[in-house]
């Protein structure tokens, strides 16, 4: 009898180990390139509804964003109102009268994927019910609805340990039986890049982004932080080794098109997120985009840098005051390069082949991505005049 029990326990352990390996493999293949999609928060905050989500899905297809690679339509905070007597999460029936399953079905019918939001604490950042103590129950519900992506925030977390909290939700998602991309929104306070590979598919590295060029400030309650685009960028330096297929540093969602920056600044924002291999999660009103905003968000050559299958995150190779050079190694051995001028006057910015990891004598073709224009062969260096608060983005191909 004891021998039988021991054999049974060993078999269970072996099956569990194999299951864990399978789940690890699944986590790493869910987001083999940085996720692309849309999230409601930056533009709409709590003003969400099923009509908005349906119209956004329609617009993602009609605008060409789906064809450009955007997949996920994600509802952020404020869709939930309470828990019922059995502990099940209850949606806002006034704003989502058809229910989440019907809404997910609508999004899926467009060839897109459906995402939702919750929080590791007792309450969400807007005071709605969080998932603490209900992780497995919520994960099962999300799977039943057809959820493909979960953004998991970090409000009302009290003395919780971040790693343990997110590992618990990871286990709950695995047990749900549905592949769900897991977005860790812990704001970088517990340095998730050190432990979140295999737990989440992407993890926030900073506080929230704001629709500004530069504006680092604390929230009114003294907590951290609202960050302008370049504030966020500066906090990515040194993190590049932690990112790769299935596990991405997340410098927060895009503000492109929300009105707080110029077109040139939005182009810089998008270029730098692409060189960082960042998730490209749009946050504007897709139903009403100006042509120049649509052109930025759907620019296939810039998106191709972000989505390069090698999964390398770019890095800053030189900083000279307000003038910077960022570079990323692409799968074919070429380099994507951003010449970035964060200053208030136009300036010449150059890059040498040695800075890109090439020998100085090498002859290489240079292509301007935003202009979709070949600039001929160059030997040893390349330079360009870069307008203030702007970029020139090129590929360098031997």
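The values are calculated or read from the model by the stated rules, or taken from the named source; none is laboratory data. Remember, predicted model here, so these are calculated numbers, not experimental data. Cβ atoms come from the backbone with ideal geometry, glycine included; neighbour counts cover every protein chain shown.
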Residue satisfying condition, being crowded, with 23+ Cβ neighbours inside 10 Å and farther than 24 Å from residue 274 by Cα, within set 120, 102: 120
Residue list for region 298-323, restricted to those being outside any loop (DSSP other than H, G, I, E, B) and under 18 Å from residue 370 (Cα atoms): 300, 301, 302, 303, 304, 305, 306
Options 304, 347: the member that is surrounded by 14 or more Cβ atoms within 10 Å (Cβ to Cβ) and either more than 30 Å from residue 59 (Cα to Cα) or touching a residue at least 24 places away in the same chain (Cβ under 8 Å) (or both): 347
The one condition in (1) assigned to a helix (DSSP H, G or I); (2) within 16 Å of the chain's Cα centre (by Cα) that residue 140 fails to fulfil: (2)
Single unsatisfied condition, residue 237 versus (1) farther than 24 Å from residue 84 by Cβ; (2) in a helix (DSSP H, G or I); (3) touching a strand residue (DSSP E or B) at 6+ places or on another chain (Cβ under 7 Å): (2)
Count of residues meeting criterion [closer than 20 Å to residue 312 by Cβ, assigned to a loop (DSSP other than H, G, I, E, B) and touching a helix residue (DSSP H, G or I) at 6+ places or on another chain (Cβ under 6 Å)] in region 338-377: 1
Contacts under 9 angstrom Cβ, first residue in region 72-89 being modelled with pLDDT of 95 or more, partner outside any loop (DSSP other than H, G, I, E, B) and exposed (fewer than 14 other Cβ atoms within 10 Å of the Cβ), 6 or more apart: 80/90; 81/90; 82/90; 83/90; 84/90; 89/82
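Looking at the structure I just gave you, is residue 369 over 15 Å from residue 267 (Cβ atoms) and crowded, with 17+ Cβ neighbours inside 10 Å? It would help to see each step written out before you state the result.
Working: over 15 Å from residue 267 (Cβ atoms): no; crowded, with 17+ Cβ neighbours inside 10 Å: yes.
The answer is no for residue 369.
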Residues (buried (at least 20 other Cβ atoms within 10 Å of the Cβ), in a helix (DSSP H, G or I) and in contact (Cβ under 8 Å) with a residue 60 or more places away in the chain) located in region 270-297: 271, 272, 274, 275, 297
Subset of region 330-341 (residues that are farther than 15 Å from residue 362 by Cβ and touching a strand residue (DSSP E or B) at 6+ places or on another chain (Cβ under 7 Å)): 330, 336, 338, 339, 340, 341
Residue 253 assigned to a loop (DSSP other than H, G, I, E, B) and crowded, with 24+ Cβ neighbours inside 10 Å: yes
Count of residues meeting criterion [in contact with a helix residue (DSSP H, G or I) (Cβ under 7 Å, 6 or more places away or on another chain), under 27 Å from residue 112 (Cα atoms) and in a helix (DSSP H, G or I)] in region 145-173: 4
